[in-house]
1. Mean shadow of the protein assembly as shown, computed from the convex hull of its alpha carbons, in nm²?
2. Between A:Ser45 and A:Arg224, what's the calculated FRET efficiency when r is the beta-carbon distance and R0 is 56 Å? Round to 0.05.
3. For A:Ile309 and A:Ala89, what does the FRET efficiency come to when R0 = 25 Å and r is the distance between their Cβ atoms, rounded to the nearest 0.05?
4. How many percent of Cα pairs in chain B exceed 39 Å?
5. What is the Cα centroid distance between the stretch A:41-56 and the stretch B:259-287, reported in whole angstrom?
6. Per-residue HN-Hα couplings for the stretch A:192-197, Karplus 6.51 cos²θ - 1.76 cosθ + 1.60 at θ = phi - 60°, whole Hz, x for Gly and Pro?
7. In Å and whole numbers, how far do the C-alpha atoms of the stretch B:1-120 stretch along each principal axis, longest first?
8. Tell me which residues come under 5 Å, amide H to amide H, from B:Lys100 once H is placed; ignore anything under 5 positions away on its chain.
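The values are calculated or read from the model by the stated rules, or taken from the named source; none is laboratory data. Given the structure is predicted, the values throughout are model-derived calculations rather than measurements. Cβ sites come from the backbone with ideal geometry, for glycine too, and all protein chains shown count toward neighbours. All accessible areas refer to the heavy atoms of the entire protein, side chains included, with ligands and DNA or RNA removed. Shrake-Rupley method; radii C 1.70, N 1.55, O 1.52, S 1.80 Å.
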Amino acid sequence: MLRYILKRLITTLPLLLGMSLILFALMKMTPGNYFDSLKLNPQISPETIDRYIKLYQLDKPLLVQYFSWLTNILHLEFGYSFFYNIPVANVIGGRIWNTFILSFVSLILTWGVAIPLGICAAIYRNKFADRLIQFLSYVALSSPSFFIAMLLLYFVSQSGFLPLGGMHSANYEEFNWIGRFFDVLRHVAIPAIALSIASIGALQRIMRGNMLEVLGQQYILTARAKGLPEQRVIYVHALRNAINPLITLLGYEFSGLLSGAALLEIICSWPGLGALMLTAVQSKDIYLVMATSLMGSVLLIMGNLLADILLVRLDPRIRYE
Amino acid sequence: MNKSALGLSQWERALTQFCANRFAVVCLIILALIHGAAIFADFLAPYSFSNEDRTFSYAPPSKIHFIDENGQWRAPFIYGRKITFDQYHKREYLDQVEQKYSLRFFVKGDAYKILWMVPCSWHLFGVKEGGRIYLCGADSRGRDLFSRLLHGARISLSIGIVGVLISFSIGLLVGGIAGYYGGKVDDILMRVCEMFMLFPGFYLLLALRAVVPASFTSVQVYVSIIIILSFIGWASLARVIRGMCLSLKEREYVLAAKTMGLSDLTIIIRHILPHTLSYSLIAVMLSIPGYILAESSLSLIGLGIQDPYASWGNLLSEAMGIVKIKFAPWILLPGFFILVTVMCFNIVGDALRDALDPKSS
């Protein structure tokens, strides 16, 4: 197992390198650089700018710049954010955590709703409940998350029972840890729901398909024939086999989840990586852009790896050597 | 060659099966209508996309009346409106009973070119000079949302279709080459694909968008957005096509083509890729929504199509402020258009899959 994980990590390393090279090339291709606007800022002396250019070897050839950035990253030095005026690592650290919270809550919501719905639809196949769920899934599947978020924000602004953006209430510091937990939960609700709706639709359909397939298997017939209660047949015998294929999907889902989260962070002003990426791109803060996208990819790789490990834990038929 | 016992070809059978799915046929018709409306937007819309009247900022949708203030029936008309502010400085538009504008068909208005060629100034409907008709309300600058929705459909839909076509051409070619040659070429191309797939799409989208210079004109931005979207989308298709080619290249007709001395590229394009057609067709249908959504999200955060040009995402960006939605809920309409279009594409794509690939369902 450990060897498998190590092997996976080692094979992704060249990919990460290639990605960082692409990113670096992209950032160098962007017209104008951050120093252009810094030079226009009368509060910053030309000496300071020169010092920064020396520090990041921006006057050296491109390859030197790239490698100096790369070696810095290996020392966990992600460079300096010219926009925030602090090291990039300090900006990103908290942001990753926030994006993780949003993705995690939305993941739990998706699975928590989609799996029972899928089971329900499979059990009542072609009955009214199934048809209704299938129709709603189609609508959910096709609804743009940003639009859902806007509708939710609108309804909430009318009723006012959830906060309209941000991550903490103004008096967050006064709460004890339970109060803080619920405060963050209230703030994450809108982006998380908006992020989940489409995935619920998709996952529900897959779950229903899997469940129907499993329910047609002979061991289910056996279980029923030996007189097990229907509840046990469905929730113990069928469910476990129907869920396994979904865990592979979990890995794929991370990519969509992170991308979706980025957009919702911007709309709901949730201080995550995606919102940071937008600011960084807009202000051409190249080190921040590169580090943020690299972190996004690392999150994605971690997610995929986690899904694979989970699959091994849950399905004894699969062994990685 | 594909004749079955019934004497129907694979495509004829697929067509019959597709038509049996009434729901999908309805969706296909809706899609055709939306695309038709986009093509003839100039004629169907009462105004051009940039025709503005700032005195009608956020004017609510015009009510079309059939009965005038004396209870008399008459041809459909709208009242002229005047803006007033209440004590909280909230805009209110009051109907001016003495100003009536009857709804007219085939009126002269903003000049345009039919299909970008024939100059013309006829519009399907409108009101006479002095009045303004807002079927779906107005935006902040008093532009007709209905007209802008139709014009926006052009950009949103064309980005989806052109983007898909470009990225699928790349995906098919790369997948075909990787699958056909195998070995080192395959390895390298697939690693490149994985590299693109390891980026969360939206981050890559933003990073690529940063490369586009601010000095670009709207048309150039439009083209670069299409290129960016195609750049992101090809990798996953290439992987699937590569898998299919790996098995297709072992077929005897490929050997036959080789013996006949055809070049590798000809074999890939003429003899191998056509066999992936039904899969690609389904994949195209199911990925167009992704492009429409990507363009919308980019425009939504202000990095896509720039004002005064309209796209659905860019129109929806006006709804980013909650206060505005509260006073002018009609600015959410572009969202419904996106939703319906995406849903239709999904349903048609699914039905197409059921019809073309009976194994998968």
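1. On the way: hull surface 166.4 nm².
For the protein assembly as shown, the mean projected area of the Cα convex hull comes to 41.6 nm².
2. Working: r = 82 Å, r/R0 = 1.46.
My answer for the efficiency is 0.10.
3. Working: r = 27 Å, r/R0 = 1.08.
According to the calculation, E is roughly 0.40.
4. Values: 20364 of 64980 pairs.
Value for chain B: 31 percent of Cα pairs lie more than 39 Å apart.
5. Cα centroid of the stretch A:41-56 versus Cα centroid of the stretch B:259-287: 55 Å apart.
6. 5, 5, 4, 5, 7, 3
7. Taking the Cα atoms of the stretch B:1-120, the three principal extents are 77, 37, 35 Å.
8. B:Gly80
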